[in-house]
Structures are given as structure tokens and as C-alpha cells.
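Here's the structure we're looking at; comments come further down.
The values are calculated or read from the model by the stated rules, or taken from the named source; none is laboratory data. Given the structure is predicted, the values throughout are model-derived calculations rather than measurements. Glycine gets a Cβ as well: all are built from the backbone with ideal geometry, and neighbour counts include every protein chain shown.
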Amino acid sequence: MVAQSLKHSKVNEDNLRRARLVSNRQLQLIILPTENCNLRCTYCYEDFSAGRMNQETIFGVKALLETRCANLSSLKISWFGGEPLTAKDIVLEISEYATSLVRKYPNLRYEGDMTTNGYFLDRKMLASLADVGIRGYQISLDGPREIHNRSRVRADGGNTFDKIWANLLAIRDSLAPVSVVLRIHFTVDTLTLLDPLIEDIRNEFMYDSRFSVFFKAIERLGGPNDASIKTFSQAENDAAIKLLQTKLFCENLESPQNFYVEDDYVCYASRPNSLVIRSNGDVGKCTTALYDERNKIATLQADGTLKLISGRLAPWLRGIETLDPSTLGCPLVNLP
């Protein structure tokens with residue numbers, strides 16, 4: 001009898017979790033307003049073949065928002081690229097439209113965030129984005145100045161560290177209601193060379209609760225320089241992250257500023273209510289598989305409807321059925 005009760009309890013718990021994951025009251029759009037970039041990072045997997053979003057796709061995004069927002073409780077728009085701030089006018093146009101819908105539907109909770117290299121994120125730009133609800137940022141650094149400038153290179157070959165660092169300091173010195181995740185990249189070769197950057201981050205940002213830090217190893221994601229990227233085993237990766245976290249946070253590893261992926265993490269690509277809208281109008285599920293044909297599940301039409309491709313969506317959602325943690329964490333792995 002006890003065993004049967006526990007079984008029913010587990011079934012109910014699983015069903016509740018599925019219901020939360022598939023809620024039609026929530027929507028996340030990951031939008032690429034352009035797939036061009038002002039940087040040419042040595043490990044980047046993007047080919048920059050698609051440029052700025054055209055007007056038809058912009059109309060489609062707005063129409064999709066208008067259709068869906070009437071029945072939503074939560075809308076999240078995440079900006080990605082390329083570098084989204086090379087198409088800041090598109091970012092502002094669509095975000096302003098989203099904020100107008102919040103005024104129209106006062107029960108709608110809206111948040112905006114952005115993955116950006118930070119090069120154009122000066123205080124004026126930060127204020128303009130905050131005004132249209134974009135208040136969360138992920139900005140990458142590859143190490144101290146000399147190391148960072150070797151891998152995060154401008155398209156014209158110039159350095160990037162000093163300008164990005166100056167923008168980060170300006171954000172710190174502002175009163176902007178934002179949060180910033182500093183994504184610190186490391187490789188097999190740079191792991192032991194990050195101490196000066198860690199010290200600078202501790203001194204400049206860790207007393208400001210708006211900043212957190214996420215350590216991430218560079219991976220092979222399909223870029224032209226993949227063969228030159230040395231990779232860690234899973235155990236080595238975990239040990240490296242723990243080492244870096246300890247250097248920054250000492251014994252305070254539970255600090256809310258220590259950003260890390262939780263064991264029960266569910267990737268956005270596993271969620272049926274999350275879509276990637278590319279600058280050319282293609283609709284996908286994953287931002288790291290942009291050129292994988294399996295990732296094109298639909299095309300966005302100018303009227304906001306999605307022209308679905310038969311059989312493409314279901315494989316991305318298989319984790320919802322099984323609740324397998326590894327599949328939910330990354331449905332691209334072993335994707336049929």
C-alpha cells in the first residue's frame with residue numbers, strides 16, 4: 001500500500017513538472033536581429049551569412065507577439081546574434097512594441113535580456129535598453145587583457161578588452177536596474193592564467209550584487225578552428241570550474257553571485273514554449289545548432305503565423321515525455 005502511494009505521488013509530481021514545462025501561458029522568444037558581428041572570436045561557430053532582419057520578419061515578430069500576448073502571463077524576449085547591438089534599432093523597435101503590449105495587457109509580466117559582447121554597451125545604450133525592459137545581460141571575457149585580445153578579436157583585427165572593461169565599469173558606476181552575468185571563458189591553455197582577471201573582478205564588481213560570474217570552458221561547436229581547441233574531460237571540466245570558483249569566492253561558494261548550471265537544469269530548447277527566431281525568419285530551438293537542418297522547425301510568416309516543417313519539433317521535446325535529466329539539459333545530444 002505504501003509502495004502504491006509512493007508510485008502515485010511520483011506520477012503526480014512528474015505530471016505537475018510537465019505541466020509547468022509546457023505551460024501555454026509562458027513564452028520565450030530568442031531573437032537574432034542580425035547574424036553579423038563586430039567581433040571574430042577564434043572559437044566562434046557562426047558563419048555570418050545571414051545579415052540584418054528584414055522588415056517582413058520584424059512584422060512577423062510583432063504579429064506573433066500581438067497574437068500570443070493576450071493569453072500570456074509571462075513573456076521573455078532574449079536577444080542573441082551575431083552581436084545584437086549592431087542592429088540596435090531593431091532591438092529597440094521590437095522591444096518598444098513588447099512594452100506597449102504590457103500596457104495593453106497589465107497582467108502580462110515581461111522581461112528582456114541580451115547576450116552581448118559588451119563592446120557597444122555604453123551607459124547611453126544601457127539606459128535606452130532599460131527603458132524598453134532589457135535589464136539582464138551576459139557578457140563574455142576570455143581572460144586578462146592580453147589573453148582576451150588574442151581570442152575575442154574585432155572584425156578588423158583590433159583589440160576589444162579595454163572598451164568592454166570600460167563599459168562594465170560604467171555599468172557598475174551607474175544606478176541602472178540591471179543584472180550582469182560575467183561569463184569567463186577558459187581553455188586548457190588559459191586555465192592557470194586567469195588569476196589577474198579574477199582578482200580584478202573581485203575588486204571591481206563583487207561588492208555589487210547586480211554582477212555575478214559564470215565560468216565556462218570553450219567547446220568545439222562547429223567553428224572552423226575546432227581542431228585547434230583542446231577540450232577537457234567532464235571530470236577535468238568540473239574540477240577546473242570548482243578551482244576557479246574557489247579562487248574568486250573562496251569559501252563562499254554558495255554566494256548568489258556564483259552563477260552555475262544547476263543539476264536539474266532544463267534547456268530552453270527542451271521547452272515547447274521557447275523559440276529561436278533567426279534574422280532570416282527561420283524558427284529553431286537551439287542557438288548553437290543554427291546550421292543544423294534539424295534545428296529549422298518552421299518559418300515565421302509576416303502575419304505572425306508559423307509555417308511548421310513536419311516532424312521537426314517533436315524530437316526537441318522528447319525530454320518532456322521522459323523527464324530524462326540529460327535530455328532535458330541538452331536535447332541536441334543524441335537528437336534523432
Selection within segment 233-282 - among the small types (Gly, Ala, Ser) and either more than 28 Å from Val91 (Cβ to Cβ) or surrounded by fewer than 17 Cβ atoms within 10 Å (Cβ to Cβ) (or both): Ser233, Ala235, Ala239, Ala240, Ser255
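Conditions tested, residue by residue: (1) under 21 Å from Leu39 (Cβ atoms); (2) over 20 Å from the mean Cα position of the chain (by Cα); (3) at pLDDT 95 or above; (4) among the charged types (D, E, K, R).
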| position | (1), (2), (3), (4) |
| --- | --- |
| Lys88 | yes, no, yes, yes |
| Ser100 | no, yes, yes, no |
| Ala130 | no, no, yes, no |
| Tyr137 | yes, no, yes, no |
| Arg152 | yes, no, yes, yes |
| Gly157 | yes, yes, yes, no |
Residue satisfying condition, being over 21 Å from Met114 (Cα atoms), over 21 Å from the mean Cα position of the chain (by Cα) and at pLDDT 95 or above, within set Asp208, Asp162, Asp173, Asp189: Asp189
Count of segment 73-93 residues which are assigned to a helix (DSSP H, G or I) and buried (at least 21 other Cβ atoms within 10 Å of the Cβ): 6
Where Asn24 falls short, out of the listed (1) at pLDDT 95 or above; (2) closer than 18 Å to Thr305 by Cα: (1)
Near pairs, Cβ below 6 angstrom, 6+ apart or cross-chain, from segment 308-336 (touching a residue at least 40 places away in the same chain (Cβ under 8 Å) and under 13 Å from Arg18 (Cβ atoms)) to any residue that is among the small types (Gly, Ala, Ser) and surrounded by 15 or more Cβ atoms within 10 Å (Cβ to Cβ): Gly319/Ser270; Leu328/Ser270; Leu328/Gly319
Test set (1) free of Cβ contacts under 8 Å to residues at least 40 places away in the same chain; (2) within 20 Å of Leu27 (Cα to Cα); (3) part of a loop (DSSP other than H, G, I, E, B); (4) of a type outside the set (Lys, Arg) - Cys286 fails condition number: (1)
Residues of segment 152-185 classified as among the hydroxyl-bearing types (Ser, Thr, Tyr) and within 18 Å of Thr86 (Cβ to Cβ), total: 1
Hey, Thr99 in a helix (DSSP H, G or I) and either small (Gly, Ala, Ser) or surrounded by fewer than 18 Cβ atoms within 10 Å (Cβ to Cβ) (or both) or not: yes
Residue that is modelled with the lowest pLDDT [pool: residues in segment 247-289 that are of a type in the set (Ser, Thr, Tyr) and over 26 Å from Arg52 (Cα atoms)]: Tyr260
Residues (of a type in the set (A, V, I, L, M) and closer than 27 Å to Ala235 by Cβ) located in segment 184-218: Ile184, Val188, Leu191, Leu193, Leu194, Leu197, Ile198, Ile201, Val213, Ala217, Ile218
Enumeration of residues in segment 316-336 that are buried (at least 16 other Cβ atoms within 10 Å of the Cβ) and of a type outside the set (A, V, I, L, M): Trp316, Arg318, Gly319, Thr327, Gly329, Cys330, Pro331
Selected residue (only one of Thr116, Thr99 is under 22 Å from Phe211 (Cα atoms) and of a type in the set (Ser, Thr, Tyr)): Thr116
Selection within segment 290-303 - crowded, with 20+ Cβ neighbours inside 10 Å, out of contact with any Asp or Glu (no Cβ under 7 Å at 6 or more places or on another chain) and within 18 Å of Pro315 (Cβ to Cβ): Asn295, Ile297
Spans of strands (runs of 3 or more DSSP E) in segment 106-213 with at least 3 residues closer than 19 Å to Ser95 by Cβ: 109-115, 134-141
Selected residue [in contact (Cβ under 8 Å) with a residue 24 or more places away in the chain, out of contact with any Phe, Trp or Tyr (no Cβ under 6 Å at 6 or more places or on another chain) and at positive phi] from Gly143, Gly133: Gly143
Close pairs from segment 176-187: first in contact (Cβ under 8 Å) with a residue 60 or more places away in the chain and closer than 14 Å to Met206 by Cα, partner surrounded by fewer than 21 Cβ atoms within 10 Å (Cβ to Cβ) and among the small types (Gly, Ala, Ser), Cβ under 7 Å, at least 6 apart: Val181/Ser212
